[in-house]
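Asker: Attaching a single structure in structure tokens format; questions to follow.
What follows draws every value from the coordinates through simple rules; no lab data is involved. What you see is a predicted model; the values in this text were computed from it and never measured. Cβ coordinates were reconstructed from backbone atoms using ideal geometry, including for glycine residues, and neighbour counts include every protein chain displayed.
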Amino acid sequence: MNNFFDNQRIINIIWSRKIHFMIIGAIAIILSIFFSSKTFIEPRYKSSARIYPINLFPFSDESETEQMLEIINSLDIKRRMFDAFDLDKVYHISKDDPHYMTYMLHRYNTNVGASKTEFETVEIKVLDNNPVRASNMCDSIIHFYNQKVRDMHAVKSWEMVKITKDGLNEKQNQLDSILERLKGIRGEYGILNYNSQVKEVTKGYMEALAANKVSTAGTKKIKALYDNLVKEGDETNLLEVRFRQLVSVLDSLTLEHEFYLQEAQKEITYCHIVEYPVPADKKSFPVRWLIVLGSVLSTTFIALLVFLILDYKKEK
């Protein structure tokens, strides 16, 4: 066996069997051309698109491009693609098959893919036997991606709309309660504004006492209001302070509520399309010359091994 793969031996066999090798090579070429035709291998066309992420909210430490990839590769979008293009019929997989989803995902993942480029864009590639469908599938993935992100953001925004609305209702009820109490105090005790009245009433009452006009009708009115301020002043002051605080809180909550309501209702896109998908005018698979070359090389090598074995046995 030491000289089984001897170079000179191989060269001699190739030369002596050159006609055989030529015949084998010709047969391999003919058969590979025939079996790589449309009859046996369905041609597939590639459509691609490149998109750049925008308007995404950070969910974790992943980049916006990685977040985009997670969404594009989600099962939800894959299911929508199955239904939108009737891919069960395209892939010849019955929905009644107990392993329907496994087979569908395998075929889909074989023909459809998304990956991050060196420039932080996401490239979507689709292979299909129909070039127009391949292009439309690319376009639909982008469309479903935008809808998916919009729905995700809307869910969070509507949650905040409800939270801010509940907060507004709660603060408004507190404000109404304080306002009702202040109206009662104003009607019963004549205290319209504690901070401004307490200074003026105290000053007027002190001046009346200094002038010894305690028994006059005007002084009696000032004295009654002064007594009311003494009696209800602390509560009135606290209510007025709380009232102003609640008005400020309500203003902030109203702005926040309107912001989240706008976020929940707006319809925007979440990607820039760098390269739009177009129907291919040339098939991407199979590459027939590679099939032919591989067939010729492999059959020639096998033939060489067979001839080496036959020659070795003959010598023995």
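Asker: Once amide H atoms are built 1.01 Å from N in the peptide plane, which residues 5 or more positions from Tyr91, or in another chain, come under 5 Å H to H?
Answerer: none
Asker: Using the Cβ atoms and a cut-off under 14 Å, what net charge is assigned to the surroundings of Ser157, where Lys and Arg are +1 and Asp and Glu are -1?
Answerer: Numbers: positive: Arg150, Lys156, Lys162, Lys165, Lys266; negative: Asp151, Glu159, Glu256, Glu258, Glu263, Glu267.
Combined, the nearby Lys, Arg, Asp and Glu give -1.
Asker: Something else now. Can you give the local net charge around Asp128? Use residues other than it whose beta-carbon is closer than 13 angstrom to its beta-carbon, Lys and Arg +1, Asp and Glu -1.
Answerer: Numbers: positive: Arg44, Lys46, Lys89, Arg107, Lys125, Arg133, Lys283; negative: Glu42, Asp86, Asp139.
The answer is +4.
Asker: Given a Förster distance of 51 Å, report the FRET efficiency between Arg242 and Asp97 from their Cβ-Cβ distance, rounded to the nearest 0.05. Kindly include the intermediate steps, with their values, before the conclusion.
Answerer: Details: r = 68 Å, r/R0 = 1.33.
After rounding, the FRET efficiency stands at 0.15.
Asker: Can you list the HN-Hα couplings for region 256-267, worked out from phi with the Karplus curve (6.51, -1.76, 1.60; θ = phi - 60°), rounded to whole Hz and with x for Gly and Pro?
Answerer: Calculated HN-Hα couplings, in order: 5, 4, 5, 5, 5, 5, 5, 4, 5, 9, 6, 10 Hz.
Asker: How large is ³J(HN,Hα) for each residue in region 106-123, as worked out from phi by the Karplus curve 6.51 cos²θ - 1.76 cosθ + 1.60 (θ = phi - 60°), to whole Hz, x for Gly and Pro?
Answerer: 5, 5, 4, 5, 6, 9, 10, x, 9, 8, 8, 8, 5, 9, 6, 9, 10, 9
Asker: Can I ask one more? Return the subset of Lys89/Lys125; Lys116/Lys282; Lys95/Lys125; Lys116/Lys148; Lys46/Lys116; Lys18/Lys282 for which the Cα-Cα distance in this structure is over 29 Å, preserving the input order.
Answerer: Lys18/Lys282
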